Amino acid sequence: MTPALSIDRLRVVYDDFIALKDVSLTVDKGESFGLVGESGSGKSTLLRAVAGLAPVTSGTIDVGAKRLGKTRDKEFYRQVQMVFQDPYGSLHPRQTVDRLLLEPLDIHGFADTEKRIQRALDEVGLGSGFRFRYSHQLSGGQRQRVAIARALILEPSVLLLDEPTSALDASVQAEVLNLLEQVRRDRNLTFVMVSHDLGVITHMCERLMVMQTGAEVERLEASDLASRNVTKDYTRNLLVASEGFVREP
Amino acid sequence: MSDAVMTRREWLLTDRPQSRLQARLGRAYLTWSRFAANKLAVIGLGIIILLLFVAAFAPLLSPYSPYIGDLKNARLLPPSSTNWLGTDDQGRDILSRLIYGSRLTLQVIVLVAIIAAPIGLLVGTAAGYAGGWIDAVLMRITDIFLAFPKLVLALAFVAALGPGIENAIIAIALTSWPPYARIARAETLTVRNSDYIAAVKLMGASPMRIVLRHIMPLCISSLIVRVTLDMAGIILTAAGLGFLGLGAQPPLPEWGAMIASGRRFILDQWWVAAAPGAAILIVSLGFNLLGDGLRDALDTRSGGQ
Amino acid sequence: MNTLLHVDDLRVSFPTRTGVVEAVRGVSFSLGQERLGIVGESGSGKSQTGRAIMGLTPQQAEIRAKRLEFSGIDLLKASPAERRALRGNRVAMILQDPKYSLDPVMTIGRQILETLRTHEKIGKSEARERALDMLAAVQIRDPKRVYDLYPHEVSGGMGQRAMIAMMLIAGPELLIADEPTSALDVTVQLDILRILDRLVIDRGMGLIFISHDLRLVSTFCDRVIVMYAGKIVEELKASELSRAKHPYTQGLLNCMPKIGTSRHPLPVLDRQPEWLL
C-alpha cells in the first residue's frame with residue numbers, strides 16, 4: 001500500500017537559519033501521526049513545507065503516489081488541507097462564515113454550493129444559525145470549528161493540524177478534539193498533528209515523533225509514552241514537565 | 001427567537017443574521033452608527049452633500065449667468081442685495097460663478113479619485129504581495145514620482161500636455177497615486193503572511209484571486225480615508241494650477257482662476273478673491289472632517305465591537 | 001499568619017453598547033504569605049480580579065467592593081498617586097507576554113534601574129549592583145550581558161525572567177502573576193515557576209497566580225480558587241483538587257487528555273445554567 005504521505009530528508013532553510021534538518025517520515029493511509037516539540041523544534045515548519053507555505057531546500061515529499069514539485073497545483077489542495085493554530089488569525093476579518101466556505105467551492109468549481117455549505121456547518125456542529133456571522137461574532141471554539149469545516153469542504157484525504165487546540169480553553173479543546181476524531185472516523189482521514197502538549201498527542205495519535213531544534217529526537221508509539229518507555233533524556237524531560245510543577249525538597 | 005417581533009435596530013444588530021443581505025446591512029449600520037457618533041464628521045458630510053446639491057442644481061440656484069457680465073454698469077460691485085457676493089472685473093455675479101465653479105471642483109475631485117486611487121491600489125497590492133523584483137521595480141517607480149513636489153510635477157505635466165482643465169486633472173491624478181501605492185503596499189505587507197491569507201492559498205486560489213478578492217478589500221478602507229483627506233490637497237492643487245493660468249481657462253469659473261483674477265483688486269475690492277477663497281476653504285474643511293470620521297468608522301481592526 | 005489582602009464582594013462591570021457587562025460578580029477571598037491560585041476559563045473574570053486589585057482596570061469600568069484592603073490601606077479610597085506609589089513598590093504584577101510589557105526602546109538594565117529609582121532614593125552604582133543581583137536571582141546566567149540587551153534581543157523565557165526581576169526589585173509584599181508562563185515552552189515554564197517559588201519562600205511574599213491551567217496551579221499553589229462567569233464556584237486546598245465537589249471543577253479536570261488513560265471521546269463540560277446564579 002502506498003503511504004498517504006512520505007517525506008524524505010526534508011530540509012528547510014530560511015536565509016541562514018536551518019529550520020528543518022533532513023527529517024524523514026511516512027504516514028499510512030488513515031493513520032494519525034503526531035509531531036511534538038517546543039518552539040523552534042521545526043514541527044510547524046514541517047507541516048508548512050508540506051502545504052507549500054515554507055520553502056523546501058532539499059528532500060522530497062510524496063502525497064499518495066505523486067511527488068510534489070516546487071509549486072502545488074489545485075489538485076493537491078483537494079487532497080491536503082490544513083487547520084491553523086490561532087483561530088483568531090486564520091479567518092478573514094471581513095468575510096462571513098458563508099463567504100469563507102463558499103470560496104474553496106468557488107475556486108474548484110463546485111455546483112451544489114448551497115447544500116455543501118449547509119452540510120459542512122452541520123458536520124462541525126454549528127448549524128445554519130452561524131452561517132452569516134462574521135468571525136468577530138464567534139468564540140474561539142466556534143472559529144476553530146469554522147476552520148475545520150473550511151478544511152473539510154473540499155473533501156481532502158490528508159489533514160494537517162498545526163496546534164489546533166492550543167489557543168482554546170480546556171473544555172473547548174475537548175470538544176474540538178472529539179470533533180476531529182469524529183470526522184477522521186467518518187471520512188477515513190489521515191492526520192498529521194503538531195502539538196506541544198504530550199497529552200493531546202498521545203490522545204490523538206498512534207505514532208509520534210519528538211523533535212528539537214529542527215531535527216528528530218526519537219520516534220515513539222503512543223503506548224510507549226504511557227508506559228514511560230522512552231530512550232532520550234529530552235523526551236523524558238518533556239514527560240516530567242507535562243505533569244506540572246514538582247517542588248524540590 | 002424568530003417569532004418575537006424585532007425592531008429594525010435589533011434586526012440589524014442581531015448576532016445571527018439569516019441572510020447575506022442582513023449580515024451586510026448590519027455591518028453597514030454599525031459603521032454608520034460609529035460615523036454618526038462623530039459630530040464634526042457629520043458636519044463634513046453635510047458640507048460635501050451641499051456641494052453635490054449645489055453642483056447638481058447650479059442652473060436653478062444661480063441668479064445670473066456665470067459667463068456674461070454687465071461690463072458697463074456692474075464692474076467690481078461690493079456685496080449687496082442684488083449681487084450677494086458682489087461682481088468681478090467683468091461685471092459677472094460672483095455667487096453665480098461660485099455655484100457653477102462647484103461643478104468644476106467636483107469634476108476634478110471625482111476624476112482624480114477614479115484615476116489615482118485604483119492605480120495606487122493596484123500597484124501597491126501587486127508590489128506588496130509579489131515581493132522580489134516586481135516589488136522593487138514598482139516601488140522605485142513610485143519613489144521617482146514621490147521625489148518631486150506634487151505641484152512642480154503637475155506643472156511639468158501640464159506644461160507638456162498644454163493648459164486646460166482636462167490636462168490639469170490628468171496631471172494631478174498622475175502625481176497623487178504614489179502615496180496610495182505606498183499605503184496599499186504597507187497594508188498588504190501586514191496581511192500577506194497572515195494565516196487567513198495562507199488559508200486561502202491552501203484552497204488553491206491563484207495569486208490574482210488572492211490579491212483582488214482577499215487583500216484589496218482590506219486595503220480599501222484605509223485608502224478611502226486617505227483619498228478623502230487628500231481631497232483638500234487636490235482641490236488646492238487644482239486651484240493652484242488655475243491660479244497660475246495652467247488649469248481651467250477663462251471664462252470657466254474655476255475657483256483658483258477666480259482668485260487669480262481677483263488678486264489685482266485685493267486691496268480695494270477684496271470680495272472678488274475672498275469669496276472663492278472661502279469656498280475652497282469650506283470644501284477642503286468638509287473633506288478633512290469627513291476623512292477623520294471615516295478613519296474611525298472604517299477602522300478594520302476594531303471589527304465591530 | 002497575618003493577612004495581606006482582604007477582598008470582600010468585589011464587582012467589576014463594563015458599560016458596553018448593549019448594556020452593562022459584569023465581569024466580576026462578587027468575589028471574596030483573603031490572602032496571607034502564601035501561593036493562591038485563581039483558575040478559570042477565558043471570560044471567567046480571573047484576570048479582571050487581578051487587575052482590579054492592582055488598579056489597572058480600564059477607565060470606563062466600575063469597581064465596587066464591600067472591602068478591598070491591602071495591609072490596612074483601603075484601595076478603593078486611595079488616590080491615584082497613592083496607588084501609583086503602591087504599584088511596583090509593595091504590589092507588583094507580571095503579565096502573560098513579556099514582549100508587550102517591557103519597553104522595547106530601553107535596555108533591560110535601564111528598565112530595572114528606572115523602577116528601582118522611582119521607588120527608592122539610591123545612588124546610581126548601588127542601584128546597578130542591585131539590578132545585577134536581581135537578574136542573577138532570577139537565574140540569568142550572564143547578568144552583565146543581559147543588562148545591556150534590549151527586550152527584542154532575548155528569548156521569551158529570558159524576557160519573562162527580566163520582567164520578574166523588574167517587578168521584584170523593589171521587594172513587593174504582594175505579587176500578582178497573570179498567566180506568567182502561558183506563552184512559554186513547558187520546560188522554561190517550570191524554570192520560571194521554580195524562581196517564583198524561591199522568591200515567595202525567601203522573601204515571604206504573597207502570590208496570586210492566575211492561570212487557565214489546572215494542572216499547573218494544583219501542583220504549584222497552596223490554595224486554589226475556581227472561577228466561573230465572574231464568580232467563585234469553589235475554593236479548596238491545591239492538594240485536594242482531585243476531590244473537588246463542584247461539577248464545573250470536576251468537568252475541567254476531566255476533560256483534559258492524560259497520558260496513559262484512553263478515553264474516546266473525551267468527556268466534555270456540560271455547562272449548567274444554574275452555575276451562573
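A quick yes/no check of all residues on (1) more than 14 Å from chain A (Cβ to nearest Cβ); (2) more than 17 Å from the chain's Cα centre (by Cα):
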site	(1), (2)
C:Lys124	yes, yes
C:Ala137	yes, yes
C:Met158	no, yes
C:Arg194	no, no
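B:Ala257 passes all but one of (1) open to solvent by 10 Å² or more (accessible area, probe 1.4 Å); (2) in contact (Cβ under 8 Å) with a residue 40 or more places away in the chain; which number fails?
Every listed condition holds for B:Ala257 apart from (2).
What strands (runs of 3 or more DSSP E) lie completely within the range A:1-51 and have 2 or more residues being open to solvent by less than 60 Å² (accessible area, probe 1.4 Å) and without any contact (Cβ under 8 Å) to a residue 60 or more places away in the chain?
Numbers: elements: A:5-14, A:17-27, A:32-36.
So the answer is A:5-14.
Among the listed residues B:Arg263, B:Arg295, which satisfies the condition of being among the charged types (D, E, K, R) and in contact (Cβ under 8 Å) with a residue 60 or more places away in the chain?
Numbers: B:Arg263 fails: in contact (Cβ under 8 Å) with a residue 60 or more places away in the chain.
Just a single option satisfies the conditions, and that option is B:Arg295.
Could you please find all residues in the range B:186-209 being hydrophobic (A, V, I, L, M, F, W, C) and at the interface with chain A (Cβ under 10 Å from one of its Cβ atoms)? Step through it out loud before you land on a result.
Start the filter on the range B:186-209 by keeping residues that are hydrophobic (A, V, I, L, M, F, W, C), which leaves B:186, B:189, B:191, B:197-200, B:202-203, B:205, B:208.
Selection gives B:Val191, B:Ile197, B:Ala198, B:Ala199, B:Val200, B:Leu202, B:Met203, B:Ala205.
List the helices (runs of 4 or more DSSP H) inside the range B:124-234, counting only whole elements, that have at least 1 residues being in the same structural domain as B:Gly247 (by TED's automatic domain parsing) and under 25 Å from A:His136 (Cβ atoms). Spell out how you get there, then give the answer.
Numbers: elements: B:132-147, B:150-161, B:165-192, B:195-202.
Result: B:165-192, B:195-202.
Is at least one residue of the range C:22-29 part of a loop (DSSP other than H, G, I, E, B), surrounded by 22 or more Cβ atoms within 10 Å (Cβ to Cβ) and not polar (S, T, N, Q)? Walk me through it before giving the result.
Taking the range C:22-29 and keeping what is part of a loop (DSSP other than H, G, I, E, B), we get none.
Taking every residue of the range C:22-29 in turn, none turns out to be part of a loop (DSSP other than H, G, I, E, B), surrounded by 22 or more Cβ atoms within 10 Å (Cβ to Cβ) and not polar (S, T, N, Q).
If you scan the range C:246-277, which residues turn out to be open to solvent by 30 Å² or more (accessible area, probe 1.4 Å), away from chain A (no Cβ under 12 Å) and modelled with pLDDT under 90?
Passing the criteria: C:Gln272, C:Pro273, C:Glu274, C:Leu276, C:Leu277.
Among the residues of the range C:90-102, is there at least one that is open to solvent by 10 Å² or more (accessible area, probe 1.4 Å), farther than 30 Å from A:Gly244 by Cα and in a loop (DSSP other than H, G, I, E, B)?
no
Select from the range B:231-253 the residues that are within 18 Å of B:Arg92 (Cβ to Cβ) and open to solvent by less than 10 Å² (accessible area, probe 1.4 Å) and list them in ascending order.
Of everything in the range B:231-253, those that are within 18 Å of B:Arg92 (Cβ to Cβ) and open to solvent by less than 10 Å² (accessible area, probe 1.4 Å) turn out to be B:Gly242, B:Ala248, B:Pro253.
From the list B:Ile49, B:Ile68, B:Ile94, B:Ile99, which one is at pLDDT 90 or above, assigned by TED's automatic domain parsing to the domain that holds B:Ala248 and open to solvent by 30 Å² or more (accessible area, probe 1.4 Å)? Even if it seems obvious, please write down each step before you answer.
Details: B:Ile68 fails: at pLDDT 90 or above; B:Ile94 fails: open to solvent by 30 Å² or more (accessible area, probe 1.4 Å); B:Ile99 fails: open to solvent by 30 Å² or more (accessible area, probe 1.4 Å).
Residue meeting the stated conditions: B:Ile49.
Keeping to the range B:1-33, report how many residues are more than 14 Å from chain A (Cβ to nearest Cβ) and at pLDDT 85 or above. Spell out the reasoning first.
So the first thing to find is which residues in the range B:1-33 are more than 14 Å from chain A (Cβ to nearest Cβ), and the list is B:3-10, B:32-33.
Filter again for at pLDDT 85 or above, leaving B:32-33.
Number satisfying all stated conditions: 2.
Filtering the range A:217-248 down to residues that are within 9 Å of chain C (Cβ to nearest Cβ), assigned to a loop (DSSP other than H, G, I, E, B) and in contact with a helix residue (DSSP H, G or I) (Cβ under 9 Å, 6 or more places away or on another chain), which residue is surrounded by the fewest Cβ atoms within 10 Å (Cβ to Cβ)?
Here the residue is A:Glu248.
The values are calculated or read from the model by the stated rules, or taken from the named source; none is laboratory data. Treat the numbers as computed from the prediction; the structure is a model and nothing was measured. Reconstructed Cβ throughout: ideal geometry from the backbone, glycine too, with neighbour counts over all protein chains shown. In case anyone asks, the SASA skips ligands and DNA or RNA and just uses the protein heavy atoms, side chains included. Shrake-Rupley method; radii C 1.70, N 1.55, O 1.52, S 1.80 Å.
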